[in-house]
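Following: one structure in structure tokens, then a few remarks.
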Amino acid sequence: MSYLISLKLKAETHQRFQQIHQQLNQGESQSLAKPLGEVLADISCEIVDQVFGEIARLSTSGDRESEKVVQQILDTVRKYMPWSVSFFGNDRLVPMVNYLIEMAHEKNGQNYISYSVDHLLVVELLGCVEQIKGGNGQYVSPALKAFTEMVDEGVTRLVREPKKMLKFNLVVDKTLNGVISLTTQMGYKRLEKLGTQYDAKATHRYFDHFLMFLNQEPKQ
């Protein structure tokens, strides 16, 4: 049985991306790098805010540290996503955009972008969450590990693999690898810290939030 993580896209964002996809594949001569960079930044920020933004809002920490981390990630995305695609002509952008459009779909009037996750990882997370709900705090750490791995699968499918398709030069590629590593580790370390700040009954709220994105239905 395969599982998908399905993340919502705003209708306007999806429409802009679809339009750019069509223009690229129709051989548009005017450069689309700038609008593409902007819409990819919007898609990325919508995804980050759904997953991590809501987790930050659920946090009862007085220092608002989670919200600060999420804002740092969003600011980094806004800075580097448009910059990263600005190097390329339309023809070089087509394969990457075609790859991403395949991950987008619509269901009941709502637009999504989805990626598949490892079945065993899902089973492990669901089992841990059941234990956590029963008050067993020993399962918080393995649950967070499985959760982080599932998020990282999304980073690979939605960021690392598309980046490879663009075939950046060595300097830019190294810069982007550093940016991706820094922002992901920032988020993962914050998740790890949340697991130490709350008891099992409080922590399961975070997992319940993430499991809302999980489904077994095939993408249409």
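The values are calculated or read from the model by the stated rules, or taken from the named source; none is laboratory data. Everything numeric here is computed off the predicted structure, so don't read it as measured data. Ideal geometry is used to build each Cβ from the backbone, glycine not excepted, and the neighbour counts take in all protein chains shown. To get the accessible areas, we keep the full protein, side chains included, count just its heavy atoms, and leave off ligands, DNA and RNA. Shrake-Rupley method; radii C 1.70, N 1.55, O 1.52, S 1.80 Å.
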Open item on the list: Quick test for you: out of LEU121, LEU100, pick the one residue that is surrounded by 13 or more Cβ atoms within 10 Å (Cβ to Cβ) and at pLDDT 95 or above.
Closed with: LEU100
- [ ] Tell me the helices (runs of 4 or more DSSP H) entirely within region 6-67 that contain at least 1 residues that are under 28 Å from GLY109 (Cβ atoms), hydroxyl-bearing (Ser, Thr, Tyr) and open to solvent by less than 10 Å² (accessible area, probe 1.4 Å).
- [x] 11-25
TODO: Looking only at region 71-81, decide whether some residue is open to solvent by 30 Å² or more (accessible area, probe 1.4 Å), within 22 Å of THR175 (Cα to Cα) and more than 16 Å from the chain's Cα centre (by Cα).
DONE: yes
Task: Residue match in region 136-145 (condition: over 16 Å from the mean Cα position of the chain (by Cα) and not in a helix (DSSP H, G or I)) - done: yes
Task: Hits in region 1-42 (condition: under 30 Å from ASP118 (Cα atoms), of a type in the set (S, T, N, Q) and at pLDDT 95 or above) - done: THR13, GLN15, GLN18
- [ ] Working carefully through the options LEU170, LEU182, LEU166, find the one that is buried (at least 17 other Cβ atoms within 10 Å of the Cβ) and farther than 18 Å from ASP118 by Cβ.
- [x] LEU166
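With the structure loaded, tell me whether LEU191 is under 18 Å from SER2 (Cβ atoms), modelled with pLDDT under 95 and either surrounded by 13 or more Cβ atoms within 10 Å (Cβ to Cβ) or in contact with a Lys or Arg (Cβ under 6 Å, 6 or more places away or on another chain) (or both) or whether it fails that test.
no
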